[in-house]
Amino acid sequence: MTKTEPASRVTRPGDIFALVTATDPWSPAAVAGTAIASRWDADLTGCFIDPTLRKLAGGEAGDEPTVLGLLLEPRPDFADERAAFESFAHQSGVRNADWIVARAGVAATLRWLGARHDLAVLERDMVQASGLLDILGEAILGCRVPCLILPPQWRGEIRFERIVIGCNGSLEAIRAIHAALPFLKVAQQVVLVDGDLRDGDEGRPRFDPFVYLLRHGITPRPGYVRASSAMAGEILLKEVGNLGADLLVMGAYGRSRMRERVFGGATRRVLEEATVPVLMQH
């Protein structure tokens, strides 16, 4: 259960952007982003990426608009889309909403928008399954913003009443927990799955996720796991099912091998199989 905190200590995502894949009807990222922005009184940016540009891997998209993006004709209904999105957001209780159309791939768009936003909302199936890791996964690892990833065909509500946290003592996990504080503070149940609590590893200060959450008024039910990274993903997904959780929080893990990004087993498993929204941070 959570404890009530003074208003001055309650954090919130002040600027949110959603990578929208459809406007009629609005795609899940638009709906979820609007719900979060309304609940936490945040500003919202809706961003549409042309389906052709969504096919580009991170290395192809680059930091600048792609040649393909420059050749694409501007969408003639841009003004109508902007007005429709602003109306949709305002009717849902969002005070400030903006609409933009990206001219670059997913990775570059996430990096640029992530520099001035606190949270990204995106749909896992905005890319084909064959490009899940090379395109969407690379984009998540390459940006520096927490990403709320919605499962395919998601039509649920943003409640975040039961949350599972996966923590292995890494920087990625710590960042993910910190980013999730606004959601954890309103949850009814929080389960902390601690996979590898390290005490001063390599001279680093100790981070105890249980104590950290307690200091923020959050009392999680702890669970302790000793397993390989490949098994960690399976364990987290099983815990999500046991709790009936509506959010999973974890770090996004990857390392570079000769310019090729290699994903950790848990990141890969969760990204491929999660059936609830996942908050990831690299």
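Filter the stretch 92-109 for residues that are closer than 22 Å to Asp41 by Cα and either in contact with a His (Cβ under 7 Å, 6 or more places away or on another chain) or not acidic (Asp, Glu) (or both) and give the result.
Ser92, Gly93, Val94, Arg95, Asn96, Ala97, Trp99, Ile100
Right, Gly93: out of contact with any Leu (no Cβ under 9 Å at 6 or more places or on another chain), touching a residue at least 40 places away in the same chain (Cβ under 8 Å) and not in a strand (DSSP E or B) or not? Yes, satisfied. Per the conditions (1) among the aliphatic types (A, V, I, L, M); (2) in a helix (DSSP H, G or I); (3) under 25 Å from Ile235 (Cβ atoms), the sole criterion not satisfied by Ala139 is (3).
Pairs meeting the criteria (first residue in the stretch 6-20 and in the same structural domain as Leu44 (by TED's automatic domain parsing), second residue at pLDDT below 90 and part of a strand (DSSP E or B), beta carbons under 8 Å, at least 6 apart or on different chains) are Leu19/Ile49. Restricting the stretch 133-144 to residues that are within 16 Å of Ala173 (Cβ to Cβ) and surrounded by 18 or more Cβ atoms within 10 Å (Cβ to Cβ) leaves a set whose member that is farthest from the chain's Cα centre (by Cα) is Leu141.
Candidates in the stretch 155-192 are the residues that are under 14 Å from the mean Cα position of the chain (by Cα) and part of a loop (DSSP other than H, G, I, E, B); of these, the one that is surrounded by the most Cβ atoms within 10 Å (Cβ to Cβ) is Ala180.
The single condition among (1) farther than 30 Å from Asp134 by Cβ; (2) at pLDDT below 95 that His90 does not satisfy is (2).
The values are calculated or read from the model by the stated rules, or taken from the named source; none is laboratory data. The structure displayed is predicted, hence computed values, not measured ones. Note that each Cβ is placed from the backbone with ideal geometry, even for glycine, and that neighbours are counted across all protein chains shown.
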